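Before any comments, here is the structure.
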Amino acid sequence: MKKKAQYLELISGIGLMITLLMTDSLILKLSFTLTAAILANCSGKRIKPLYFILFITGISFFELLIPRGRIITNIAGLNITQDALASGLKKGLTLTGLIFLSLFAVKKDLPIPGRIGRYFAKVFEYYANLMSRKKTINRHNIVASLDTILTESKQLSTEKESVGTKHIPAAIPVSILTIEIIISITLGISQ
């Protein structure tokens, strides 16, 4: 029963993601993002609202650097324009909503069959390893401490592979990256 519920969450999350990407209304994007935040919170994920408010604000600020549309006001020499502000808020809400929906829909123990499933299992394994040891990251030498953690994770993973797990070909991550680039370009052109 648990697997069925996980698959239903994944499918509904993907459906909501598609809907969020397709809508152009600022009000609908806001409501979808708030709904996604509630879903992520109900599924046990901890959400830090201040982080996401700053995230949306940062995206909106950089959109305001290219003024478009009617000038609403001027703050310290920066023209706040209606179209640029709306565009920034839409992009920020879309990205935030997608993050919330991924927190809701994607679980590390979701069994996905095939090569892609093994690839995602490995990614989640690396991520879980990294998060379980985040207290060992040295703030003064971040790169070296992350390198140590990732190297140890790779060694543990290699030992598990030699026991019986199949190796994931390098073509799969490249294929996924290619698909992500195509989708990003398509979304960028359509706006």
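No value in this document is a laboratory result; all are computed from the given coordinates. As the structure is a prediction and not an experimental result, all values here were calculated from the model. As a convention, Cβ positions derive from the backbone with ideal geometry for all residues, glycine included, and neighbour counts pool all protein chains shown.
For the stretch 1-109, the number of Lys pairs with C-alpha atoms closer than 16 Å, counting only pairs eight or more positions apart or on separate chains, is 10.
For residue 107 and residue 25, the FRET efficiency from 1/(1 + (r/R0)^6), where r spans their Cβ atoms and R0 equals 25 Å, is about 0.25. Hey, if you drop one equal point scatterer on each alpha-carbon of the stretch 1-109 and run the Debye formula without solvent, what base-10 log of I(q)/I(0) do you get at q = 0.19, 0.21 Å⁻¹? Results for the stretch 1-109 at q = 0.19, 0.21 Å⁻¹ read -0.92, -1.04. Computed packing ranks the peptides 64-73, 13-22, 87-96, 32-41 as 87-96, 32-41, 13-22, 64-73, most packed first, by mean other Cβ atoms within 10 Å.
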